[in-house]
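All remarks here apply to the structure that follows.
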Amino acid sequence: MTYKIASWNVNSIKARLDHARAWLESESPDVLFLQELKGEICPDISPDYTLNFVGQKAYNGVAILTKGAAQMVLDHLPEDDLDTQARYLEVDWRGVRLINIYLPNGNPIDTDKFSYKIKWMKRLLNRISELRAGAVPFLIGGDFNVIPDEKDCYDPAAWAGDALFSPEARGLFRAMIHQGLVDAYRVIDHQAGAYTFWDYQAGAWPRNNGIRIDHFLLSPLLADRLVTVRIDKTPRGWDQPSDHTPIIIEISDE
C-alpha cells in the first residue's frame, strides 16, 4: 500500500478554489499541502478531508488536508514568538510528521526581507535537528522559494542576484540535505528542465521558462519508503491558473 502526498502553492485559495476541488477529485491524494492561501479563513475544500490550516489576512497561509484525522503539533516555526507570518504548519498523521512550509521569498535581496528569509531558514534547520535527534519520521513539503541548482532554472544568469538563487539560500538548502534529508524529486530524476513555477510575465509558461522551487524533503526513515515522485504540469495550463503547479510523491506504508 502507498500513500500519495501532494503540495501546491495555489496563489489564493479564494481565486483557485474551483481548481483545488477539481484537482482533488481527479488525483485523490491522501494528503494535500496548500500554500499562499491569502486569507484568515480557509474555505471548506472537500468533505472527504480533514483540514488543518493557519491563515493571515491577505498574505501567506498554509493548509494540510488529510484523509483521516491529523493532530496539530505546531502552527508556527519555533524560536520567534513575535513572527506572526503564517508560513509553517506541522501535524501528525498515520505515524508520520507532516510539515508544510511557505518559505519567505526574500526579495529584494538588499532589504530586511532577505535577512528574514535567512533567519527563517536557520530556524527551520534547528527544527530539523530536533526532529532528527528524536528519530521522528518526517517530511517537509511546500514552496521553499529556493532554486537549489543551476539545472533547476531555465537560465541561471537571469536569476543572478535574486534571493531565490542566492548563495546564502542555496547553502542553507544544502545544509538541510547535509542533515540527512533527501530531495525527493532528485532521487527519481536528475535531468534539467523540471520546473514547478512559471512566471505570469514574458511568456514564461509557453516557453517553459520555469524554475523548480516547490520541493519535498524526506527524513531517512521516509526516504527509504519513497516509491515515485512527479510534477503535474496540467493545472498550470488551466484558465487563470496559479503560477505554481503540484508536486506529488508516493510513499509506502512500511
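Observations on the model:
- Flag for Ile177 being within 16 Å of the chain's Cα centre (by Cα), under 17 Å from Asp143 (Cβ atoms) and touching a residue at least 40 places away in the same chain (Cβ under 8 Å): no
- Among residues of the stretch 130-144 that are within 24 Å of Gly61 (Cα to Cα) and of a type in the set (Val, Ile, Thr), those with a Cβ under 7 angstrom from a residue that is modelled with pLDDT of 95 or more and in a strand (DSSP E or B), sequence gap 6+ or separate chain, pair up as Ile140/Ile99; Ile140/Ile101; Ile140/Leu217.
- Pairs, first over 19 Å from His215 (Cα atoms) in the stretch 1-14, second of a type outside the set (D, E, K, R) and assigned to a loop (DSSP other than H, G, I, E, B), C-beta under 7 Å, six or more apart: Ile13/Leu37; Ile13/Gly39; Ile13/Cys42; Ile13/Pro43; Lys14/Gly39
- Condition check for Asn126: touching a residue at least 40 places away in the same chain (Cβ under 8 Å), farther than 25 Å from Pro241 by Cβ and within 19 Å of the chain's Cα centre (by Cα): yes
- Scanning the stretch 19-54 for residues that are crowded, with 22+ Cβ neighbours inside 10 Å and either in a loop (DSSP other than H, G, I, E, B) or free of Cβ contacts under 8 Å to residues at least 24 places away in the same chain (or both) yields Pro29, Glu36, Leu37.
- Test: Val10 is of a type in the set (A, V, I, L, M, F, W, C), surrounded by 14 or more Cβ atoms within 10 Å (Cβ to Cβ) and in contact with a helix residue (DSSP H, G or I) (Cβ under 8 Å, 6 or more places away or on another chain): yes
- Within this structure, Lys57 fails the test of being within 30 Å of Ala160 (Cβ to Cβ) and either of a type in the set (Lys, Arg) or assigned to a strand (DSSP E or B) (or both).
- Phe197 being over 13 Å from Asp152 (Cβ atoms) and among the aromatic types (Phe, Trp, Tyr): no
One line per residue, one yes/no per condition, for (1) farther than 28 Å from Asp232 by Cα; (2) in contact with a strand residue (DSSP E or B) (Cβ under 9 Å, 6 or more places away or on another chain):
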position: Leu103; (1), (2): no, yes
position: Asn107; (1), (2): no, no
position: Ile118; (1), (2): yes, no
position: Ile128; (1), (2): no, yes
position: Phe138; (1), (2): no, yes
position: Val146; (1), (2): no, yes
position: Ala194; (1), (2): no, yes
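- Extreme residue, surrounded by the fewest Cβ atoms within 10 Å (Cβ to Cβ), among residues of the stretch 82-125 that are part of a helix (DSSP H, G or I) and touching a helix residue (DSSP H, G or I) at 6+ places or on another chain (Cβ under 9 Å): Lys122
- Count - residues of the stretch 61-81 that are exposed (fewer than 13 other Cβ atoms within 10 Å of the Cβ) and either at pLDDT 95 or above or under 18 Å from the mean Cα position of the chain (by Cα) (or both): 3
- For the stretch 229-246, filtered to residues that are touching a residue at least 60 places away in the same chain (Cβ under 8 Å) and surrounded by fewer than 16 Cβ atoms within 10 Å (Cβ to Cβ), the residue that is nearest to Gly193 (Cα to Cα) is Trp238.
- Restricted to the stretch 192-228, and to residues there that are farther than 16 Å from Leu164 by Cα and of a type in the set (D, E, K, R), the residue that is surrounded by the most Cβ atoms within 10 Å (Cβ to Cβ) is Arg225.
The values are calculated or read from the model by the stated rules, or taken from the named source; none is laboratory data. All of these numbers come straight from a predicted model, not from anything done at the bench. Quick reminder, even Gly has a Cβ in these numbers, built from the backbone with ideal geometry, and neighbours come from all protein chains shown.
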